[in-house]
Each structure stands twice: as structure tokens, then as C-alpha cells.
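Read the structure below first, then the notes.
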Amino acid sequence: MDIPSKYNPLKSEDKWYSYWMEKKYFHSEPDDREPFTIAIPPPNVTGMLHMGHMLNNTIQDVLIRRARMQGKNACWVPGTDHASIATEAKVVAKLKSEGISKAEITREDFMKHAWEWKEKHGGIILEQLKKLGASCDWDRTRFTMDEALYDSVIDVFIDMFNKGLIYRGVRMVNWDPSAKTAVSDEEVIHKEVNSKLYYLNYKVEGEDDFITIATTRPETILGDTAVCVHPEDERFKRFHGKNVLVPLVDRPVPIIKDEYVDREFGTGALKITPAHDLNDYELGLKHKLKTIDIFEDDGTMSEAAELYIGKDRFVVRDEILADLEKSGNLVKAEDYINKIGCSERTDEVIEPKLSLQWFLKMKELAKGALEVVENGDVQFHPPKFKNMYRHWMENIRDWNISRQLWWGQQIPVYYLPDGEMIAAKSKDEALQIAREKFDSPLSLSDLRQDEDVVDTWFSSWLWPISVFDGIRFPDNDDIKYYYPTNDLVTAPDIIFFWVARMIMAGLEYRNDIPFRNVYFTGIVRDKIGRKMSKTLGNSPDPLELIKHYGADGVRVGMLLTAPAGNDLPFDPVLCEQGRNFSNKIWNALRLTRGWRIDNDLEQSESSKLGIEWFESRFNLTLKEIEGYFLKYRLSDALMAIYKLIWDDFCSWYLEIVKPAYQKPIDAATYQATIDFFEKLMKILHPYMPFLTEEIWHMLRDREEGDDIIIAEMPESQKSEQKIIKAFEKAEDVIIGIRKVRKEKNILNRESIKLMLQQGKHDESKFYPVVAKLGNIEHIEEVSEKPSNAITFIVGAQEYYIPLTGSIDVEAEVAKLEEELKYTEGFLNSVMKKLSNERFVNNAPEAVVAKEKQKLADAEERVKVLKDQLAGLKA
């Protein structure tokens, strides 16, 4: 077979992905096999592939490909999220660039523009995932605004409204003045900033006295309706029951008392602005204070502010400080570090604002969702995230589910002229319900639908159900077969946004959990620990990485250092390691397929032993890999495969069985080698799908449909521990021989003799392998050290290589003394560990036993080294 000298990943990737698609290997339909299902965390339809997506989707693909090879009916459902805020912002910006204002067009016209934008720009990220090798069932691609998924959201809203779980009320919300919508607590990012703390005097009404307050937001004083002090604070007792005047507007407001006040903060007196601070809002309710909303929806000052009307809040901050200084109310300003909330989507500073919104009652829903995680029905990997989950669920607040946008699922509530509300799928249905319920001759023109849409998460919390149309058709074949899904791979920062809510929805609408395992990825950071972002410019373009290193190289590079739940310190050098691994395997292929086979040639003893050893080594490693997958330690599993191929197969096994230069190989050894190569490619395939498929088809002639993507994943068989241990010692002997050759400049082509002390030698079984790899012409046991021989030690065993010339005694003594110093240091460290009672009592029995064996070996080695030194110095 003509095998190119270099592996071309780009050529291979295009070829095999098209082939897999053509063969429909990614597609799944219900059948008699065990299902294995993953519903992709839907990326924003506006999104482009970034390193976080690369990590998340590589992990999902590894799980799916492995399940497919285990004979399961693997179904990975792809799709995108309509991302209300982000998408609407992009459509508004596009319209603005065309001279069109959202305010000037109808909702219907805006939705047409939004759908046009989605069709043109949406879904790019899914095409990009194909470059990574994602084996999604593309025939099942879903979008949260598809008819089935849209209607599912509407059905759930109506159901929960009718159950009394959804209600409408005025609450303090997180308002995004840029997007002009409320956002949930979980969509607010708190940033630490260098700010100022301003000290302001409030004149006491009718007196020549004042109270000083401290604030970081002087522009909000125009909404103040009280000043609050601690009832036991002696400094302010003389002010109890009096009023103060709000600076600049001279509005009298009461001085109230409440234990909420922190006497140590600022001056100990607080300005209270119920319309623009959550804690102030609570105090306002408690003390029945007036509420003055001084901000418009876009963050400009409203008429209620009386001053600076129409100006932006941050412009007003500068202007009001100048005016407060003129009026004598500004005492001083101090540097101050505080946290401000910013919108996750627009990065706008959040404005706490009273607003009429829709809410979902969460307390009862949370109970069941907490229980299934606590009792292990849903497993978290790593489990440390259970504590975070528990804390949030036990302190849950009602979910603000309405957004003041047009792009999304419009709230299916219709208002009657008298204020009554009807939840219905359409205006016609609402009219029919209203006529029956109120026995009134209403017409369609009497009904008005709520303008808001639901929060994007209110559609994605149904994702594992709605992708199989299980809300509208709860008994369809797909939902009964694929639900619950098996694994969810996601980031811990959306554990509340999404993971918890999907569990709630699953229990509510399927009476079952939505997934059995949640694998939490870490955050991809750069090599100095910063989170990757466009702003910092430290995030490489994933497609450029794939072009440079190949998809398999990038996949391996990421996963080698990506333990579940821990951040990934990413460096493109890791991808180079992945590419080098590809090249190593490719060279192994070229080596083995370049051998000439002699069917009449008898198998050598060294080859027989090499095959026997590698069979055990393979099965022992495969058992470890299977254990790692059970614990979702995918990086550890990859590292085990990496070492098995690079070290055991390429560096040892192939060297053992490789025929001499221009000599043939026997048929039995060749067949065993190809069999091993196939097994290795099978266990590597989930991680490196393209390379393994390419090599699979080069290892031997294949029939149509004999493809590695659907080949059977090997299962571990019994491994002989004695053989593995014996070979490990033989490895050390070979390394010792090679070291002596290097030190003494003995060419590898020169055969030498090897002698060793008489006794029990575990590695003796592998002497034929030692002889081949060490180019040993004769191995002999002796009762005493031969003269004029160089000595090396393996464990506590001495080996001798006779030399033709004289030995440099001084150099030999220096070498042994250095080795003795190292061994004594190692011995002391082991003794120290074993003298630690906590270690001995708490460590697993096997670990303690291993340390004791290390102690015994080190003590024996020290004795041998001392004897050798004594002999040389005599």
C-alpha cells in the first residue's frame, strides 16, 4: 500500500466527515437497542465557535462516539437558542444601519426582519461544529423558535398560569437600559470597580442642623423618600421624628429608624430610594414610604426627577456633583471599591427598577429538583457542585419570566376591557374562553395580547423534552424512547439558569429527570490564567487552530488538560502535542505496513513474548480506561490511551517485534500486530475520529460498511499481572544496558554479554526480549562479580557487562556514590511518609503496602550500592 510520508489532516477530515454523513451514521431512530442520548446545550443562534464550545462539544462527541461503538443507539440532538436579547440587539442595529427605527415599525414587520437575519446569519456555529468532527444527528436539528418548540413554550405557560404558578406583579427587577428589558438575577455579572463614595449634607427641616449621608450614586438622591438611621445609634437620636430636605429639590422626607442600618458603613445614615435599590424597596414597603421612579426605560432622567430631565444617568452624575458642590451639600469624596451589576448580554450597568412583570413561583418546583440531586438520581461530575446547587435551591426566589422584547415567544395572555386576564393559544381561543367564563358579548377587538415575550431560558428549560416534541405529544415514540437523556455537558455558571430549571421542567412534565449525569466543564483560560475573551484578545480562532493542527490535534490538546469541573489552562502548544501524537501513530502505520511478510518464517521467542506481554498490558490499561469513563474522568482516560500507544505500543512493542533491516516478519506476529493496532484505534476513535478512520482503512482491506465509527468497542479481558511486573523489570534491564552502552561508547550494533547474580529473577521469562533489544549475544548467571565488568543495578539486583578494556575505577566510584546519595534520599522520604500515623491510618491499604515495598526495595538497593563501593575501594 502506498502510504503518504505525512498525514494530511485537512484532506482526511473533509473526506471522512462527508462519508459519515452520506452513510447516515449520525442519524438515530428508535429501535430495540439501548438508547444513549445527549441534547446539545443550544448555542446562541447569533454565536460563533469559541474555545468553550470546542471543549464542551469535544467532550459530548467523545461520549457519543464511544456509546455508538458500544452498540448503543447513540442520538446527539443539535440545535440553537433564539437568544432574545442578543439577537434583538443585532436586528435593531442592522435596522438602524438602514435608517429604520424599531419604534417606527410594527411588531409583525420587526419579526420579518428578525427571521430574515436568522436565516442569513443564524446556525453558522453548527456548520463550524462539523469541522470539529461533531457527530450530531443533523436531521434532528432544532431551534427554540421552531413551531413545535414555540408551541411547547406557549402550552407550558398556559398550563402553569392555570395552575396558579404564574402571576403578574410589580417587583424590583434588574433593568437593562440598553436592551430596555428586565433580566434575571443569574444574567447579572457583578464586577469590582474603582468608584467614589460621596458624602452629602441633608438639611434638617426647620433647623440649622444637618445629617450627612454617604452614597456612590448621587444622581439617585432625586428619588429619595427618607433617610434611615439605626434606632440605637446615639449620634442620631436627636433627629428621631424629624424631616430632612433632599438637596437641590428641597423635598421634605422623614428620618426613619431601622435595625437594618449598618452603623459602621459611611456615616451610619442611609438615603432611601425605594424605586432604585432592592434593599431600599424592602424598607419602603415596611415603612410605607412613597416611591419616585426617576429613570426612564433607557436610563435617562424622567419628569419625576424634576431636574436634568431627558439626560443620561451617568451624565447627570457629573452634573449633579457640580451642582451639589455649588449648593454646599457636597462634603467630600473618597476612593471606594465596590461591585456593580452588569447585564451579561449587553454589559450595560444594571438599574434596579420597579416594574410590572410576570413571575413563576419556584419554591415547590425546587423541592423535587433538589431531592433528585441529593439522592443521586441525577449525578454531578465532579460532585463538588452539589453544595452550590443546594444553596441556590434552598434560597430560591420567584423567576421573572417576562422580557420587554419582540423576538421570542409572546406571552399568551389576553386582557379584557375590565382588566381580567385569559391565557390562551390564540386570540380566537381567548375570546371563546372569555365569553364562556364571563357570559359577556365580547368581540376580538375587545381583547389585547400582552406585549412581552418570555425569558429565553423559559424555552430552553424544556429543551430535553421539546426537542422530541414531548410537551405537545407526550406519548410519541421519540420521547418515550430517548427520554430521559443520558448525559448533559455544560458549564457550572449556568447550573441555575438551565440545569436546575430543566430538572424542574422534567419532573413537572415527564415526572422524570431530564438526564442522569451532568458533566461540568471548566472555564478555558489562557496560559497565565485569564479567562479567554474577545475583549482581551487572548482567545485563538478555533477554526484557525483546526486548520493548523488538525481537528484531532486540537481535540487531544484540549482534553489532555481538561479535568471535569476544573479550568483548562489552554496553550496552543497543547495542540502541537496532539498533532505530534497523530504523526507518531502515522509513522507507526507506515512502519508496520512496510514490513514484508514471510508465511514460512517461524515466530521468534521474543515476538511471542512481546505479544503475550502487550495483550496483558492492553487489557490492564483498558480496564483503567473503563473505570475512568464510569467516573467521567475523560482526560485521565485519554492520557492512559496516549501512554499505551506512545510508550507501550510504539516505543516497546513495535521495537520487540520489528524485523531486522530488510528482513521479513513472520505472518503470526504481523497479524497480531495489526490486530493490536486495530484495537488501539478503536479505543482512540472517540478522541481522534478522523485519524483513526483513515488508519483503520489502511491497516487492511475492508468490505463496504466496515468502518471504525461503528466498529465494536473492545472490552477488557483478564490481564496477567505477573507478566506485566516481569516485563517492567525487563524494561529496566534494557534501559540499564542502553545506559552502559552510551556511557562506554559501545555501539548498538556490537553484541555484548550480560551476566547477573544467581537467584530468583522475575524477568528471566523475558530474556529473549532483553537479548534482542540490548543486542546481547549471551545471558549468564554467575555466583560472583566477574573481573573487568561494568555493573548496573535494577531494584536490588546486580547486572554485569564484561568490558574488553580496563575500568576507570575513580569514575565508577563517583557514579555509584551519586546513585547512593539519591537512593538514601529517596529512602528517607519513604520512611518519613510511613512514620506519619495519619497517612498510615487513613491511606488505602494498597497505597500503604506499595510504600512499604518501596522501603524494602530502597533498603536492599542501598546495601548493594555500599557493597559495590566497598569492593571498588578495597
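The values are calculated or read from the model by the stated rules, or taken from the named source; none is laboratory data. In this text the structure is predicted, and so the values were computed from the model without any measurement. In this analysis, Cβ positions are derived from the backbone assuming ideal geometry, glycine residues included, and neighbour counts consider all displayed protein chains. Accessible surface areas use protein heavy atoms only, side chains included; no ligands, DNA or RNA. Shrake-Rupley method; radii C 1.70, N 1.55, O 1.52, S 1.80 Å.
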Does any residue of region 85-93 turn out to be among the charged types (D, E, K, R), farther than 30 Å from PRO35 by Cβ and open to solvent by 50 Å² or more (accessible area, probe 1.4 Å)?
yes
Can you tell me how many residues in region 360-377 are open to solvent by less than 40 Å² (accessible area, probe 1.4 Å) and either farther than 30 Å from PHE295 by Cβ or modelled with pLDDT under 95 (or both)?
8
Enumeration of residues in region 272-290 that are within 19 Å of TYR202 (Cβ to Cβ) and over 39 Å from the mean Cα position of the chain (by Cα):
ILE272, THR273, PRO274, LEU283, GLY284, HIS287, LEU289, LYS290
When both residues are 6+ apart or on different chains and their Cβ atoms are under 7 Å apart, which pairs have a first residue that lies in region 203-229 and is within 18 Å of GLY268 (Cα to Cα), and a second that is open to solvent by 30 Å² or more (accessible area, probe 1.4 Å) and in a helix (DSSP H, G or I)?
PRO218/ARG317; ALA226/HIS287
When every residue in region 75-121 that is without any contact (Cβ under 8 Å) to a residue 60 or more places away in the chain and among the acidic types (Asp, Glu) is compared, the one nearest to GLN60 (Cα to Cα) is GLU119
Are any residues in region 548-574 over 12 Å from the mean Cα position of the chain (by Cα), closer than 16 Å to ALA640 by Cα and open to solvent by less than 10 Å² (accessible area, probe 1.4 Å), and if so, which ones?
ARG555, VAL556, GLY557
Give region 495-522 a look and list any residue that's surrounded by fewer than 18 Cβ atoms within 10 Å (Cβ to Cβ) and in contact (Cβ under 8 Å) with a residue 60 or more places away in the chain, or say none.
ARG516, ASN517
Checklist (1) in contact (Cβ under 8 Å) with a residue 60 or more places away in the chain; (2) more than 30 Å from PRO177 (Cα to Cα) applied to GLU374, failing item
(1)
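Residues are listed down the side, and each one gets a yes or a no for (1) β-branched (Val, Ile, Thr); (2) in contact (Cβ under 8 Å) with a residue 40 or more places away in the chain; (3) exposed (fewer than 15 other Cβ atoms within 10 Å of the Cβ):
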{"residue": "ASP298", "(1), (2), (3)": "no, yes, yes"}
{"residue": "LEU307", "(1), (2), (3)": "no, yes, no"}
{"residue": "ALA322", "(1), (2), (3)": "no, no, yes"}
{"residue": "GLU325", "(1), (2), (3)": "no, no, yes"}
{"residue": "ASN329", "(1), (2), (3)": "no, yes, no"}
{"residue": "LYS332", "(1), (2), (3)": "no, yes, yes"}
{"residue": "THR346", "(1), (2), (3)": "yes, yes, no"}
{"residue": "SER355", "(1), (2), (3)": "no, yes, no"}
{"residue": "TRP358", "(1), (2), (3)": "no, yes, no"}
Within region 120-127, is there a residue that is open to solvent by 10 Å² or more (accessible area, probe 1.4 Å) and either modelled with pLDDT of 95 or more or in contact with an Asp or Glu (Cβ under 6 Å, 6 or more places away or on another chain) (or both)?
no
Strands (runs of 3 or more DSSP E) fully within region 197-269 counting 2 or more residues that are open to solvent by 30 Å² or more (accessible area, probe 1.4 Å) and in contact with a helix residue (DSSP H, G or I) (Cβ under 9 Å, 6 or more places away or on another chain):
251-257
Hits in region 414-453 (condition: basic (Lys, Arg) and in a loop (DSSP other than H, G, I, E, B)):
LYS425
Hits in region 378-411 - residues which are within 30 Å of LEU447 (Cβ to Cβ) and open to solvent by 50 Å² or more (accessible area, probe 1.4 Å):
ASP398
Here the residues within region 730-785 that are farther than 22 Å from SER607 by Cα and surrounded by 14 or more Cβ atoms within 10 Å (Cβ to Cβ) are VAL740, ARG741, LYS744, ILE746, MET755, LEU756, GLN757, LYS785
Determine whether region 145-161 contains at least one residue that is hydrophobic (A, V, I, L, M, F, W, C), surrounded by fewer than 18 Cβ atoms within 10 Å (Cβ to Cβ) and more than 30 Å from ASN476 (Cα to Cα).
no
